[in-house]
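Chemist: Here you go, one structure.
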Amino acid sequence: MKKIGISLLLVMLTVLSSCGKKEEELLIKNYKTAKVMSGTLKETQNFVGYIEGKEEVYLGAKMGGKIISLYGEEGQRIKAGTILGQLDGEESKVGIAVANNIALSLESLSLSTSAMFDEQIKALEQKKEQIKTSISIAESSILVAEAGKKGASKGLEDVKTIAASQLETVASQLEQAQVGLETAQSNYDNSLETLTQKENDIYSNSKIAVNQMTNFTTSVFDTLDLIIGITEKNKDKNDDFETFLGGNKVETKEKSETLLRTLQEKIKTLKEKNTFLKSENASKEDIYATLVWINTDMYPLLKELLGTSYDMFNESIPSEGSLSLGTLSNYKTQMLGFQNNLDSIMLSVSATTELGIQGAINNIQNFKKNKTMQLDLLKKQVELAEKNIETLQKTYKNYEAITSGQVSDTETKNVIAQEQKTMAEKQKTIAEQQLKELEASIESMKKQKQAKLDELNTKKEEVGGNKMTSIVYLDNTKIISSLDGVVTKKFGEIGQVVGGGVPLYIVANDDIVKVHVSVPENSLKDIMLGEEVKINLEESKKEVIGKVTKILPTIDKITKTANIEIEIQNKDHSIKIGMYVKTYFAHISQGQEKQDRGMLIPNSAIIADLGVPGVYVIKDNIATFKNIEIISSGKTHSQIKGLKIGEIVITQGKENISDGEKLK
């Protein structure tokens, strides 16, 4: 029994010993550390500070407008490029849609224009081949006539028979030539009628374009006059916000007012011209001159006025009265709308023609060139047909004289040969002249085609530029984050109207955070840039080390404190922006330089091994006991020797650690 009792006792001791080891292993895992800091112990003071992100941005849309969506929420972590919200960009969307429609119309017009020129060139090329054939036939006829003249030996009766046969041929050719003349004359008359109708349509559309410009210009003037007030009826309407209009840049308002007064004078001239063009006394030259005047005089003025007025509204100071942020945003949107309308009135495109002021100018210029070329070509065809008939009539009379016996045998044979040669030479000359003119017409047609396509391509590029401008405007209505971080503040509500640049979000990058501390004036002498500061995070009971990165040079007159910034690495984002923390500065005596500082460690890190003070230093997860020399001690820290700045010492849980032990 005695042996059994001893055995049970040993088993129990073994079990208890095992439990103790497990508990010891568990305690080893629960330890806290601190860094060895630089400093000379005078007195460790603490100050309360608050956390901010090192880098933060205020985000808003570049363009003003009504808020239609807000996606970001406070506390949300986002990446650079994240869209946080959107303002109303209807004007820009309309601009993009208009640009797309014009681009499609221009492409269609390019295809139809190219096809039209190709068809005309093809017809001229076919005519060219026919004329070449006529030249070849004429050259063969000349050779035959020359041979007949040299070796004519047939009798008179044979000659008369040949002459009679030729007479019938010439008579047939004369009939065909007469039909050709009638056809050429008909083509000329029909083309003249068609071109006249087309010309009337072009000038009618031109007058419509002038009338549209007159109405548009009047609308622009009336709108801006209500705001700026240069006429008698409107000059007192903006008294409550006149000083705010363009307040940030007064010259924009002054320039807008000057341009508006210039427009006021030119509108009178425009209205007079528009009224005159509606009368029967207006000539085509009057219409064209008015179009050119609008393009070179009115259009640049309107363009500059609308751009300057937009800048004026952009530089205005919002007021609580008639010039609120929403009103300014609406004014800017209205100016953009006017600019889009102005561009459309100056030039728009259908699938078959160009419209607007510049479109009318282009149509008139192109029509004049084409009309002259087409009518000249048709007129020459009529003239050539008349010359051909004249030649055939003369030849017919000669053959008629031969068949009636009015000339001798020898004369007859010579006359026949000579007439055949003369007729062939004239036909060749006429054909060569036609060929030369056709080749010139073909070359001219090709140049016109290329010039027209180049002009349309230029317009495509302009439309593309307008589209890109609208896209930029649309992008400027988006609220986009420029950095990775966390949303710290959200302003505004959906439906609210805000100005361009008004902040709607604050986003901060919290990879590195900074602590703002207000330090009394008499403590500033003990703080240096770059010194390490212990920071206590009260919520998590965690201590971290930061560095002083900024000491503001100004002292608050009332509180007699200066602001200091301390940076803390925060890669795990465990330190939250807005937290309040305690900062502990290990001060140095006045007059000491940084190189005279010693090392400071928390008192909680010090243990005594056989009466000799020391600490456990952790490196590569291994705890090593090192002896230290204590220079002086304070309430929370001691100044020591025997360690290196930056080494990590164990402050809690050290009682359960052995020298050389590997920690987890």
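Chemist: Could you line up Val515, Val617, Val179 from fewest to most neighbouring Cβ atoms inside 10 Å?
Modeler: Taking fewest neighbouring Cβ atoms as first place, the list is Val179, Val617, Val515.
Chemist: What value in Å³ per residue do you get for the convex hull of the alpha-carbon atoms in region 480-519?
Modeler: Cα-based convex hull of region 480-519, divided per residue, equals 113 Å³.
Chemist: Tell me the net charge near Val513. Cut-off is 13 Å between Cβ atoms, Val513 excluded, with +1 for each Lys or Arg and -1 for each Asp or Glu.
Modeler: Summing Lys and Arg as +1 and Asp and Glu as -1 gives -3.
Chemist: Just add up the charged neighbours of Lys249: K/R +1, D/E -1, any other residue whose Cβ is under 11 Å from the Cβ of Lys249.
Modeler: Neighbourhood net charge equals -2.
Chemist: Continuing with this model, one more query. Sorting Ile494, Ile361, Ile558 on the 10 Å Cβ count, fewest up front, what's the list?
Modeler: The most exposed by this proxy come first: Ile558, Ile494, Ile361.
Chemist: Ok, one more. Quick check: pseudo-label points 7 Å beyond the Cα along Cα→Cβ at Thr133 and Glu629, how many nm apart are they?
Modeler: Placing both labels 7 Å along Cα→Cβ, they lie 12.2 nm apart.
Chemist: Among 53-63, 444-454, 256-266, how do they line up by average Cβ neighbours within 10 Å per residue, starting with the highest?
Modeler: Descending mean neighbour count gives 53-63, 256-266, 444-454.
Chemist: Please report the relative contact order for region 435-572, taking Cα pairs under 8 Å with a sequence separation of at least 6, and give it as a percent rounded to a whole number.
Modeler: 20 percent
Chemist: Continuing with this model, one more query. For the residues Phe276, Phe221, what sequence is obtained by ranking on other C-beta atoms within 10 Å, fewest first?
Modeler: Phe276, Phe221
Values quoted throughout were computed directly from the atomic coordinates according to the rules given, and no laboratory measurement underlies them. Small disclaimer: the values here were computed from a predicted structure and weren't measured. Cβ coordinates were reconstructed from backbone atoms using ideal geometry, including for glycine residues, and neighbour counts include every protein chain displayed.
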